[in-house]
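Peer 1: Let me begin by handing over the structure; questions about it come next.
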Amino acid sequence: MTGGIAVVALIALVATLIVVNSAESDDSAVASGASSSPAAGSNGSDRSTSRTPSSVPSSRSGGTDYVAVGQIRAAMQNYVAAHNARNVDQMRAAVCTQSRERITEAPPSDAGTIVLDGFLETIFDGNVAQTEVVAHLEKDGKRTRSATSKERFLKERGSWIYCPGAEPDIGA
């Protein structure tokens, strides 16, 4: 089971890196997506129609860490997959330690499916990162308009994980 998750995460990372590398030559490209809105899976789209995305993540310390960006996108996709599966244990495993206790029950079965449309800019601040995620909800054969949300991630035990409510580092 853990091996399967690692393979899926590795495939997502490789796909993200390929898209990110091709985005350097195409300023309108967006890596394949995710969101924390209430819906499941990915529609395979790698472009956002709502606005021109930034293809280069930024960092307050300078350079771009594409491995970290790949981990962040994979973490968001893991959470969305667990949310859409209505699996509380997987949802709790897909979030940071400080957010686990807040997940007490599965989303309603009629809540729809979160579909990740893409990712926009990622900003790093120490062990906290924020990514703009574009997603929509599909329910009863209908879809909502794509919306952008700012989602936070925390670096725990050397890896980035989805962490709703994480605050930026204030320095030491």
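The values are calculated or read from the model by the stated rules, or taken from the named source; none is laboratory data. Source: prediction; values computed, not measured. So basically every Cβ, Gly included, is an ideal-geometry build from the backbone, and we count neighbours across all protein chains shown.
Peer 1: Considering every residue within the stretch 143-162, establish whether at least one is on the phi > 0 side of the Ramachandran plot, modelled with pLDDT under 95 and out of contact with any Asp or Glu (no Cβ under 8 Å at 6 or more places or on another chain).
Peer 2: Our first condition is that a residue be on the phi > 0 side of the Ramachandran plot; within the stretch 143-162, this holds for 157-158.
Filter once more, keeping what is modelled with pLDDT under 95: 157-158.
Now narrow it down to the ones that are out of contact with any Asp or Glu (no Cβ under 8 Å at 6 or more places or on another chain): 157-158.
Looking for residues that are on the phi > 0 side of the Ramachandran plot, modelled with pLDDT under 95 and out of contact with any Asp or Glu (no Cβ under 8 Å at 6 or more places or on another chain), one finds at least one in the stretch 143-162, hence yes.
Peer 1: Counting just the residues of the stretch 84-101 that are β-branched (Val, Ile, Thr) and touching a residue at least 40 places away in the same chain (Cβ under 8 Å), which one comes out nearest to GLU156 (Cα to Cα)? Step through it out loud before you land on a result.
Peer 2: So in the stretch 84-101, the residues β-branched (Val, Ile, Thr) come out as 88, 95, 97.
Keeping just the survivors that are touching a residue at least 40 places away in the same chain (Cβ under 8 Å) gives 95, 97.
Numbers: VAL95: 10, THR97: 8 Å.
By that ranking, first place goes to THR97.
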